[in-house]
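Student: This is the structure, below, for whatever I ask next.
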Amino acid sequence: MRLLRRAAATLLSAFTLTAALPATVQAAAPGDTVTLPVSQALARLTVQDESRDGYSRDLFRHWIDADRDGCSTRSEVLLEEAVTAPELGTRCALTGGTWYSAYDSRTLTSANQLDIDHFVPLAEGWDSGASAWSAAERQAFANDLDDPRSLIAVSAASNRSKSDQDPGTWMPPTAAYHCEYATTWIVVKTRWGLAIDQAERDALATVLTQCPDTTVEVTLAR
């Protein structure tokens, strides 16, 4: 199940600390895997001001059918994250099934009640580095199924409440999810080499003071 894979990717056992890995995230190359405490991952993110100049959601082609199996990225996430599997119909139509929305601790019984959230919103990605990427890189970011933490199925209400905000202005209503939310945000920013602004960094650091210094493993996309 996708939720279990996300948890496994986020919460590693202590013995992974001894693995032979690049000394710093900055020294690693795309495709390399880095393992480090989340506090160090946060410290190594570049802090800089953000700009939304020129942003359009259309610059991030998303919900493609990368493997040409008839199911878009959205449907692939819904299938992977279902607590109870839906029935798969013609053109990947989903009937039945149940999902758990981690942001607001809700169980939902229809795919139509869910949005697929880009954990780091597209606009936030643009603000923090994606404005300089190629169209292919932006498409890969918007459809990232290679790391189960990049996309998450949540209630439409919680996703629209979040919109394009970063942790400096929005955290999930479920307080018990804040540690995982902050950790995953840092993971996705690390994976894609995105920067953070000072308010975002301060908010993440504040959350992490209440959390275990979890060791995270991240395969760099760029």
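Student: Could you sort 32-42, 48-58, 148-158 so that the peptide with the highest average Cβ count within 10 Å comes first and the rest follow in order?
Tutor: On the way: 32-42: 18.4, 48-58: 11.6, 148-158: 21.6.
Highest-to-lowest ranking by the protection proxy: 148-158, 32-42, 48-58.
Student: In whole percent, and with a 1.4 Å probe on the protein chains, what portion of the accessible area of the chain is carbon and sulfur?
Tutor: Working: 5220 of 10330 Å².
Exposed carbon and sulfur together represent 50 percent of the surface.
Student: Ok, one more. Work out how far the C-alpha atoms of the chain reach from end to end along every principal axis, then list the three figures in whole Å, largest first.
Tutor: Each principal axis gives a Cα extent; for the chain these are 48, 40, 34 Å.
Student: Mind checking the dipole of the chain: about its Cα centre, +1 per Lys or Arg Cβ, -1 per Asp or Glu Cβ, Debye to the nearest 20?
Tutor: Numbers: 19 positive and 29 negative charges, 49 e Å.
Charge dipole of the chain: 240 debye, to the nearest 20.
Student: For region 141-222, how big is the tail of P(r) above 16 Å, as a whole percent of Cα pairs? Intermediate values should be presented prior to the final figure.
Tutor: Values: 1808 of 3321 pairs.
Distances greater than 16 Å cover 54 percent of the Cα pairs.
Student: Compute the length gained on full extension between LEU145 and ASP104: take 0.36 nm times their separation in residues and subtract their Cα-Cα distance, giving the result in nm to one decimal. Kindly include the intermediate steps, with their values, before the conclusion.
Tutor: Working: separation 41, 0.36 × 41 = 14.76 nm, distance 2.29 nm.
Using 0.36 nm per residue and subtracting the Cα-Cα distance, I get 12.5 nm.
Student: What FRET efficiency comes out for the pair ARG160/ALA29, r = Cβ-Cβ distance, R0 = 41 Å, nearest 0.05? Working shown, then result.
Tutor: Working: r = 37 Å, r/R0 = 0.90.
For ARG160 and ALA29, the calculated efficiency is 0.65.
Student: To the nearest 500 deg cm²/dmol, what mean residue ellipticity at 222 nm is calculated for the chain from DSSP H runs of n ≥ 4 alone, each contributing -39,500 (n - 2.57), summed and divided by the residues? Intermediate values should be presented prior to the final figure.
Tutor: Working: 8 runs with 71 residues, N = 222.
About -9000 deg cm²/dmol.
Student: Here is a follow-up. Based on the Cβ-Cβ distance of THR169 and LEU59, what FRET efficiency does E = 1/(1 + (r/R0)^6) give at R0 = 22 Å, to the nearest 0.05? Walk me through the intermediate numbers first.
Tutor: Details: r = 23 Å, r/R0 = 1.03.
E between THR169 and LEU59, to the nearest 0.05, is 0.45.
Student: Beta carbons within 10 angstrom, averaged per residue: use that to sort the peptides 77-87, 63-73, 116-126, highest first. Don't skip to the answer; put the middle values down first.
Tutor: Values: 77-87: 17.0, 63-73: 13.5, 116-126: 22.3.
Final packing ranking: 116-126, 77-87, 63-73.
Student: Also: Let a ≥ b ≥ c be the square roots of the eigenvalues of the Cα gyration tensor of region 69-122; is it rounded (a/c under 1.5), or, if not, prolate (a/b larger than b/c) or oblate?
Tutor: Note, shape of region 69-122 comes out oblate.
Student: While we're looking at this one, here's another question. Can you list the equivalent-ellipsoid semi-axes of region 76-191, largest first and in whole Å, using the square root of 5 times each Cα gyration tensor eigenvalue? Before the final figure, lay out each step's value.
Tutor: Working: eigenvalues 118, 69, 25 Å².
Taking √(5λ) for each Cα gyration eigenvalue gives 24, 19, 11 Å.
The values are calculated or read from the model by the stated rules, or taken from the named source; none is laboratory data. For clarity, every value in this text was computed on a predicted model and none was experimentally measured. In this analysis, Cβ positions are derived from the backbone assuming ideal geometry, glycine residues included, and neighbour counts consider all displayed protein chains. SASA here: full protein model, heavy atoms, side chains in, ligands and nucleic acids out. Shrake-Rupley method; radii C 1.70, N 1.55, O 1.52, S 1.80 Å.
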